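Asks: Next up is a structure, given as structure tokens.
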Amino acid sequence: MMKLKQQYKKQLWEYTHATLIGLIVMAGLGIIQFLLIPLVAGNFASFTIKRLGSSITGGISTALSIAVFIMFVVNIIAPYPNFKEAIANGVSRWTNWLAHHLALITFLVIISLLDMGVSLVNGETVGVNTIVAVIIMTTTFGALGNVYGLLSMRGRLILTIGLIVGFFLFAWLLARLIILLSPERVVMVLQSVNHPLVWDALGVIWVALMLAIDYGCSMRMQLRRD
Amino acid sequence: MTVNELIIDHITKRYRRKTVINEVSFNLAPGKIYGLLGRNGAGKSTLLNIITNRVFPTSGMVTMGPQNINNNDAALGKMYLMSEVNMYQKSTKVKRMLADADSFYGKFDFENARRMLKQFGIDEGARFSNLSTGQKTATKITIALNVNAQYIFLDEPTLGLDVNYREAFYREMLRTYSEKPRTFVLSTHLISEVQQLVEDVLILHDGNIVINEPVEHLLERSYLITGPIKLVDEYTAGLKVNDTQTIGNLKEAAIIGELDDMRPIPDQVQIKRLDLQRVFTALTNKGGE
Amino acid sequence: MNFEFDQSSPLYQQLANQLAEMIFTGVYQEGEQVPSTTQLSASLNINPATVLKGMNQLVALGLLEKRRGRGMFVTSGARKKLATKHRDDFYHNYVVAMVIEAKKLDISEEYLQELIKRGYQDDSQ
């Protein structure tokens, strides 16, 4: 139990730490931009509270975007290094996996709450779509990161190239398909399956699949020979 | 707290076609110092990695008491492995490694660890990547000797250490062993230096454990027969000779096993005892008779 | 502490012998405490179990005694026991070998005794 707690704290700190660094960089750039605008605009009237207010919410939004971006990156590159540090301290793969995902959920919840807060402040409707998208992306990257964690140097290279090629191939095929079938038919096909439940179900299946791959790979991860 | 034996049960490790470890079985008792010896590439590191769940065996299992150590926090929390492999990212600071050892194993002996780091000339705030090979090793052994675990595995703990630091390490290990008896498994090439440190010795050769017994017992049954070639050959006829060396007219035959007590020893033939290193080379040289 | 070890016999045996010699020559007086297992182990870089075995042998021979919570002490009468043992060893290590060697060289018992007498005379001069 203690190990789970410790590992959880460690993982949470890792996300927070990485995000803070990202934020500091962006904040620095933002402050510079903020200070430069009146200079460029030529008058100091633009220095109003409203401007500041919108800058703050704008700033938080940016921060959230950065946080999410960091989450994606960490999920891709961290699995193997995290595994090494965990096993070096007698932490089992299961505890490590659990701690990581608990930390991830914590992080996600905070981000979601902040995001909803910003939406409220801006008078927009609070929606879960962004959050859902973030979950889908995070789990996908997590699965990918764990697959990478299992592969050797060569394997990782092959996979990366394969993914990039595959991505372009997929995009090209999709374009061809759309051109082949007339655009109206595509819209019709899409509309027929545009039942929210279908998309929800697909989303759930995808996330479940990603988590399964993530878990499976995590449990099989070993110290590499290279 | 009763500490269970660590049981290595028919562990096999195969990489593609090559069998690196072949049905290896032995027990590690609590509170003993073991030497794990073997030639380069014999599979010692792989074996230690399997015992500590860093690598999976092809077959067989490792248990502590009744439980399999695989994916087992309780068991893994009683073991610690230090090796040449850097388990932390290069930018990690030494003090974070100590802090982790404390948070995950509890009761880390900071006082003693800091004293040892000072002795080895290592700054706690230094980044691991900025340390020399010897300092990296010294940091790892400092942690290994002060971490609260019952089975401490040391894979080449003298890498990059000069003779002064090596002696300091042996001294520190024996000191902490006397104060808090626990099991140490030392895997090293410097056989002559560890001969008197270890109680039992395990020799891994060609994927098998060929020796698993107290050092003293092994040395008591090892002999070096020296003398003129003809006389030595006569005396050792029919006995299992492990290794021979011929220098001019003289021959040396190493026998690890039984001598024939009924045979008279010619005047020109001497029977001497061997040290652990010589026993090791006799057992692991290819081309022994 | 000046110990020297080689391959001639088990380590614990050599340790015991050399400790006994130190007691005999008075390095450790009767009633005095000898270094603990831990101290010897750390300063000689020898496994404590080996050190303990050697010291236990001396306990069994009545040369050392364990005092609860305080350590190992040289027993009273240890030097006398050692002297006796040295005399016994003298017979086995020197006299027996000398007789065997004498027989090889065809030296009779009477002549051997003469040689011994001569040895004592030569030495006192």
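Asks: Consider the stretch A:85-130. How many of its residues are more than 11 Å from chain B (Cβ to nearest Cβ) and more than 19 Å from A:Leu12 (Cβ to Cβ)?
Replies: Total satisfying the criteria: 15.
Asks: Same structure again: Can you tell me which residue within the stretch B:171-219, out of those that are at the interface with chain C (Cβ under 10 Å from one of its Cβ atoms), open to solvent by 30 Å² or more (accessible area, probe 1.4 Å) and in contact with a Ser or Thr (Cβ under 9 Å, 6 or more places away or on another chain), is nearest to B:Asp260 (Cα to Cα)?
Replies: Once the filter is applied, the top-ranked residue is B:Glu216.
Asks: Pairs, please: C-beta under 9 Å, at least 6 apart or cross-chain, first residue within 14 Å of another protein chain (Cβ to nearest Cβ) and in the stretch A:195-222, second among the hydroxyl-bearing types (Ser, Thr, Tyr)?
Replies: Taking only residues 6 or more apart or on different chains, the pairs are A:Cys217/A:Tyr148; A:Met221/A:Tyr80.
Asks: Out of all the residues in the stretch B:86-99, which are open to solvent by 60 Å² or more (accessible area, probe 1.4 Å) and at the interface with chain A (Cβ under 8 Å from one of its Cβ atoms)?
Replies: Scanning the stretch B:86-99 gives a single hit, B:Gln89.
Asks: On to the next question. Take the conditions more than 9 Å from chain A (Cβ to nearest Cβ) and out of contact with any Lys or Arg (no Cβ under 6 Å at 6 or more places or on another chain) and apply them to B:Asp123. Does it pass?
Replies: Criteria met by B:Asp123.
Asks: Additional query: Out of everything in the stretch B:28-70 that is open to solvent by 20 Å² or more (accessible area, probe 1.4 Å) and under 19 Å from B:Thr188 (Cα atoms), what residue ends up being nearest to the other protein chains (Cβ to nearest Cβ)?
Replies: Among them, the one singled out is B:Asn49.
Asks: Here's a follow-up. For the stretch A:125-184, enumerate the residues that are of a type in the set (S, T, N, Q) and either exposed (fewer than 15 other Cβ atoms within 10 Å of the Cβ) or in a loop (DSSP other than H, G, I, E, B) (or both).
Replies: The answer is A:Thr125, A:Asn129, A:Ser152, A:Thr160, A:Ser182.
Asks: Do we find that B:Leu197 is in the same structural domain as B:Glu84 (by TED's automatic domain parsing), outside any loop (DSSP other than H, G, I, E, B), within 15 Å of the chain's Cα centre (by Cα) and touching a residue at least 24 places away in the same chain (Cβ under 8 Å) in this structure?
Replies: For B:Leu197, the condition - in the same structural domain as B:Glu84 (by TED's automatic domain parsing), outside any loop (DSSP other than H, G, I, E, B), within 15 Å of the chain's Cα centre (by Cα) and touching a residue at least 24 places away in the same chain (Cβ under 8 Å) - is not met.
Asks: May I ask you to list pairs of residues, at least six apart or on different chains, whose Cβ atoms are under 8 Å apart, with the first in the stretch B:1-12 being at pLDDT 95 or above and the second being open to solvent by less than 40 Å² (accessible area, probe 1.4 Å) and of a type in the set (Phe, Trp, Tyr)?
Replies: Listed pairs, sorted by first residue: B:Leu6/B:Tyr151; B:Ile8/B:Phe26.
Asks: Look through the stretch B:100-116, keep the residues that are assigned to a helix (DSSP H, G or I) and within 13 Å of chain A (Cβ to nearest Cβ), and return whichever of them is surrounded by the fewest Cβ atoms within 10 Å (Cβ to Cβ).
Replies: Ranking the candidates gives B:Ser103 first.
Asks: Looking only at the stretch A:61-84, filter to residues that are crowded, with 23+ Cβ neighbours inside 10 Å and more than 30 Å from A:Gly30 (Cβ to Cβ); which one of those is farthest from the other protein chains (Cβ to nearest Cβ)?
Replies: Among residues in the stretch A:61-84 that are crowded, with 23+ Cβ neighbours inside 10 Å and more than 30 Å from A:Gly30 (Cβ to Cβ), the one farthest from the other protein chains (Cβ to nearest Cβ) is A:Pro79.
This table checks each residue for (1) within 15 Å of B:Met87 (Cβ to Cβ); (2) at pLDDT below 95; (3) not hydrophobic (A, V, I, L, M, F, W, C).
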| site | (1), (2), (3) |
| --- | --- |
| B:Thr137 | yes, no, yes |
| B:Ile143 | yes, no, no |
| B:Asn146 | no, no, yes |
| B:Tyr151 | no, no, yes |
| B:Glu167 | no, yes, yes |
| B:Ser178 | no, yes, yes |
| B:Thr183 | no, no, yes |
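Asks: Starting from residues that are touching a strand residue (DSSP E or B) at 6+ places or on another chain (Cβ under 7 Å) and small (Gly, Ala, Ser), keep the ones in the stretch B:248-286 and report whichever is surrounded by the fewest Cβ atoms within 10 Å (Cβ to Cβ).
Replies: Looking at residues that are touching a strand residue (DSSP E or B) at 6+ places or on another chain (Cβ under 7 Å) and small (Gly, Ala, Ser), I get B:Ala282.
Asks: Go through B:Thr142, B:Thr158, B:Thr244 for me and flag whichever is free of Cβ contacts under 8 Å to residues at least 60 places away in the same chain, more than 14 Å from chain C (Cβ to nearest Cβ) and either among the aliphatic types (A, V, I, L, M) or under 30 Å from B:Gln89 (Cα atoms) (or both).
Replies: The match here is B:Thr142.
Asks: Among C:Gln18, C:Gln33, C:Gln7, C:Gln29, which is the only one that is surrounded by fewer than 18 Cβ atoms within 10 Å (Cβ to Cβ) and within 12 Å of chain B (Cβ to nearest Cβ)?
Replies: Step by step, each of C:Gln18, C:Gln33, C:Gln7, C:Gln29 is checked, and only C:Gln7 is surrounded by fewer than 18 Cβ atoms within 10 Å (Cβ to Cβ) and within 12 Å of chain B (Cβ to nearest Cβ).
Asks: Out of B:Thr63, B:Thr58, which single residue is over 24 Å from B:Glu199 (Cβ atoms) and of a type outside the set (Gly, Ala, Ser)?
Replies: B:Thr58
Asks: Go over the candidates A:Ile76, A:Ile66, A:Ile87 one by one and state the one that is at negative phi and free of Cβ contacts under 8 Å to residues at least 60 places away in the same chain.
Replies: Sole residue among the options that is at negative phi and free of Cβ contacts under 8 Å to residues at least 60 places away in the same chain: A:Ile66.
Asks: Here are C:Ile23, C:Ile46: which of them is surrounded by 17 or more Cβ atoms within 10 Å (Cβ to Cβ) and more than 28 Å from B:Ile271 (Cβ to Cβ)?
Replies: Residue meeting the stated conditions: C:Ile23.
Asks: Would you check which residues across the stretch B:74-85 are without any contact (Cβ under 8 Å) to a residue 24 or more places away in the chain and either buried (at least 18 other Cβ atoms within 10 Å of the Cβ) or not assigned by TED's automatic domain parsing to the domain that holds B:His189 (or both) and list them?
Replies: Of everything in the stretch B:74-85, just one residue is without any contact (Cβ under 8 Å) to a residue 24 or more places away in the chain and either buried (at least 18 other Cβ atoms within 10 Å of the Cβ) or not assigned by TED's automatic domain parsing to the domain that holds B:His189 (or both), namely B:Ala75.
Asks: Looking only at residues that are over 21 Å from the mean Cα position of the chain (by Cα) and at the interface with another protein chain (Cβ under 7 Å from one of its Cβ atoms) in the stretch C:36-47, which one is modelled with the highest pLDDT?
Replies: Filtering first and then ranking leaves C:Asn47.
Asks: Restricting to the stretch A:10-33, name every residue that is within 21 Å of B:Gly106 (Cα to Cα) and without any contact (Cβ under 8 Å) to a residue 40 or more places away in the chain.
Replies: A:Trp13
Asks: Let me ask you something else. Which ones in the stretch C:48-93 are assigned to a helix (DSSP H, G or I) and of a type in the set (A, V, I, L, M, F, W, C)?
Replies: C:Ala49, C:Val51, C:Leu52, C:Met55, C:Leu58, C:Val59, C:Ala60, C:Ala78, C:Leu82, C:Ala83, C:Phe90
Asks: Is one or more of the residues making up the stretch A:201-221 of a type in the set (Ser, Thr, Tyr), assigned to a helix (DSSP H, G or I), open to solvent by 60 Å² or more (accessible area, probe 1.4 Å) and within 29 Å of A:Val91 (Cα to Cα)?
Replies: Checking the stretch A:201-221: at least one residue is of a type in the set (Ser, Thr, Tyr), assigned to a helix (DSSP H, G or I), open to solvent by 60 Å² or more (accessible area, probe 1.4 Å) and within 29 Å of A:Val91 (Cα to Cα).
Asks: Can you find, within the stretch B:117-128, the residue that is farthest from B:Val94 (Cα to Cα) among those that are in contact (Cβ under 8 Å) with a residue 24 or more places away in the chain and in a helix (DSSP H, G or I)?
Replies: B:Gln119
The values are calculated or read from the model by the stated rules, or taken from the named source; none is laboratory data. Every value quoted in this text rests on a predicted model; they were computed, and no experiment measured them. Positions of Cβ are generated from backbone atoms using ideal geometry, with glycine treated the same way; all protein chains shown enter the neighbour counts. These accessible areas exclude ligands, DNA and RNA; they are computed on the full protein's heavy atoms, side chains included. Shrake-Rupley method; radii C 1.70, N 1.55, O 1.52, S 1.80 Å.
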